[in-house]
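S.K.: The structure that follows is given in the form of C-alpha cells.
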Amino acid sequence: MKSKTKFYCTDCGNETGKWFGQCPSCGAWNTLVEAEAENPKTRGTVAAGRRSLPTPINELSTEEELRFSTGLGELDRVLGGGAVRGSVVLVGGAPGIGKSTLLLQICGLVSGERILYVTGEESTRQLKMRAQRLGVESGGLYVLAETRLDDIITSITDVKPDIVIIDSVQTIYNGDITSGPGSISQVKDCTMAIMQLAKGQGFTCFVVGHVNKEGAIAGPKVLEHMVDCVLYFEGDRAMSYRILRAAKNRFGSTNEIGVFEMADNGLKEVPNPSEMLLSGRPMNSPGTCVTCVIEGTRPVLAEIQALVSPSGYSGSRRNSNGIDHNRAMLLIAVLEKRGGVSMQNSDTYINVIGGLELDEPAADLATVLAIASSAYDRVIDCHTAAIGEVGLTGEIRSVNAINQRLSEVGRLGFTKCVIPSHMRGDVAAPAGLELIRVRTVREAILAVLK
Ligand code: TYD
Ligand code: MG
C-alpha cells in the first residue's frame, strides 16, 4: 500500500512516487502533497490532487451545459429542459410509487445512449420481465445485479456508459465501512463515490432513494446537499396519477412539476393536468371550489374541498391536507371574524384533490369559499372558479400571472371567475368567461353562494 502512495506538485501538477522537499520538475519548494493511491476506489476528480486555481469570473467559459432528452417530456421539464451530462439526479419516493418503472422506461426512450442499470433490489430476470412489459428493448441497455460498490465502479469503468441508473442507493454498500447497507454512512459514501465518478467520466447518473416514513431519504436528508438535482415522485398509490417534483435543481427551476398516470404498461405522460385533476368532480355539491395555481411555468386548476360538521363534546378539530395547516387556520379565523361565518363548535376538514400541495396564496379565496359553502350548505356553481389572496382584514389581494390563470380557467369551460377587484396591470379575460371582482371575503361569499 505504502509503495503505491503518490505525490503531486500543487504548482506544476507533476507526479512522483516519493516525497521531495523541492519539486524535481519545477523546482518549487514545499509544494508536494500526498494523493490517494490510484485504485478503483479513488474518488474521481479529487484523486487528481491538483489544486484548482481561482479564476477571474470574466475569464470563465460560459459554455452551456450539455443536455439530452430523456424521451419523456414531463421528466425533461422537471429537469429544466433535459438531463445534464455529468450530473447526478436523486429520484426519491415511497416504495412502490413507480421509481423503477420511470427509470426503466427512459432506458427505452433515450436514443443512442449506452445505459448501465444497476439493480440491487430485483434480479435480472425480474428486470427483464418488467422491461418486456414496458416494451423496453434497447441494445444499448446493460443490466447489472450487484450491490458491492467496488464491483459497480469496476463495471462502470468497463462499460463506459452515458447513463448510469442505481436502483437503489439503500441497497449498495462499500465493504470498507462496517455499517450495513442503507445506513447513513454507507448511503453517503456510496453516493459520493458514484458522484465523483460521474463528474470525472461525464455520465449522467440517476440514483433511486427510498423515502422513509418521515419523508426523508435514508433518515435525515443526507443526500440532498450532495447531488445536483433531487426529484420526488409523489402521489396517492391508490390513485393512478403521480407527480414528479424537483426539490433541488442546480440546472433549472425547482417549481416545475411533471404529471404521469400509472397504466398497465407503465407511466403515461399527462400533458394536461388540469383536466385530469378536475375529472370526476362533484357537480353542484356544497363544499367545493376550483382555483388556479401556477406550478412552475404552467397554470394548473385544482379543486379544494371542505367539510364543516358539528363537533361532538370535544373541542373543534381542524385538519388540512394539501394546504399548509397554519395557513388553513389563518383562513378559518379570517372567515369567522371578517366573513361573519360562525365556525364555533364545528370541525373543519380541508382537502386538495389529487395529492397536490398548494403553497400559493392565490388559492386562499377558493379555500375560504369552499369552507363557507360547506358551513352554509350552499352550492357554488360548478362553472365558477376563484383566484385571490386573502388578507387578515378580510380583503382580497391581487395575485401574479392573472391572465395566464384566467386563460386556463376559460380553456376548461368555466364561465365565471371570482378575482380581486384591485389588480395590478391589465386583466384580459378570455371570451365566455365572466369576471366577478370582489373586494372582501364577505363580498365574495355573497357573490357566489346561491
Ligand atoms: P415500481 O416502479 O416498482 O416502484 P418503486 O421502484 O418506486 O418501488 O412500481 C411498482 C408499482 O407500479 C407496482 O405496484 C405495480 C405498478 N405498475 C403498474 O401499474 N404498471 C406497470 O406497467 C408497472 C411496471 C408497474
Ligand atoms: Mg423499485
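S.K.: From Cα pairs below 8 angstrom and at least 6 apart in sequence, can you work out the relative contact order of the chain, rounded to a whole percent?
M.R.: 11
S.K.: Next question, about the same structure. How large is the accessible surface per residue of the chain, computed with a 1.4 Å probe and reported in Å² as a whole number?
M.R.: Using a 1.4 Å probe on heavy atoms only, each residue of the chain averages 47 Å².
S.K.: Oh, and also: Counting residues in the chain as N, plug N into 2.2 N^0.38 Å and put the Cα Rg over that result.
M.R.: Ratio of Rg to 2.2 N^0.38 Å for the chain: 1.22.
S.K.: Carbon and sulfur atoms: what percent of the 1.4 Å accessible area of the chain do they account for?
M.R.: Within the chain, the accessible surface is 50 percent carbon and sulfur.
S.K.: From the helices alone, meaning DSSP H stretches of at least four residues, give me the mean residue ellipticity at 222 nm for the chain, per-run term -39500 (n - 2.57), in deg cm²/dmol to the nearest 500.
M.R.: Mean residue ellipticity, 222 nm, calculated: -7500 deg cm²/dmol.
S.K.: Now, a different point. Each residue of the range 363-374 in turn: what ³J(HN,Hα) in whole Hz from Karplus with 6.51, -1.76, 1.60 and θ = phi - 60°, glycine and Pro shown as x?
M.R.: Computed from phi, the couplings for the range 363-374 are 8, 4, 4, 5, 5, 4, 5, 5, 5, 4, 4, 6 Hz.
S.K.: If you average the alpha carbon positions of the range 120-145 and of the range 392-407, how far apart do those two centres end up, in angstrom?
M.R.: Cα centres, the range 120-145 to the range 392-407: 49 Å.
S.K.: Using a 10 Å cut-off on Cβ atoms, rank the peptides 117-128, 410-421, 196-207 from the highest mean neighbour count down.
M.R.: 196-207, 410-421, 117-128
S.K.: If you don't mind, there's one more thing I want to ask. Whole-Hz ³J(HN,Hα) for each residue in the range 425-432, computed from phi via Karplus 6.51 cos²θ - 1.76 cosθ + 1.60 with θ = phi - 60°, x for glycine and proline: what do you get?
M.R.: Here the 3J(HN,Hα) series is x, 7, 10, 10, 8, x, 4, x Hz.
S.K.: Where the centre of each part is set by its Cα atoms, how far does the range 413-445 sit from the range 257-327, in angstrom?
M.R.: 21
S.K.: Continuing with the same structure: Go through 162-173, 324-335 and give me the packing order, highest mean Cβ count within 10 Å leading.
M.R.: 162-173, 324-335
S.K.: With 31 Å as the limit, write out which pairs from K128/K199; K128/K268; K160/K188; K128/K188; K268/K450; K248/K268 have Cα-Cα distances beyond it, or answer none.
M.R.: From the list (K128/K199; K128/K268; K160/K188; K128/K188; K268/K450; K248/K268), the Cα-Cα distance tops 31 Å for K268/K450.
S.K.: Output the peptides 92-101, 270-279 sorted from most to least packed, where packing is the average of other Cβ atoms within 10 Å over each peptide's residues.
M.R.: Order by mean packing, descending: 92-101, 270-279.
The values are calculated or read from the model by the stated rules, or taken from the named source; none is laboratory data. The structure displayed is predicted, hence computed values, not measured ones. Every residue, glycine among them, receives a Cβ derived from its backbone with ideal geometry; neighbour counts consider all protein chains shown. The area values use the complete protein model at the heavy-atom level, side chains included, leaving out ligands, DNA and RNA. Shrake-Rupley method; radii C 1.70, N 1.55, O 1.52, S 1.80 Å.
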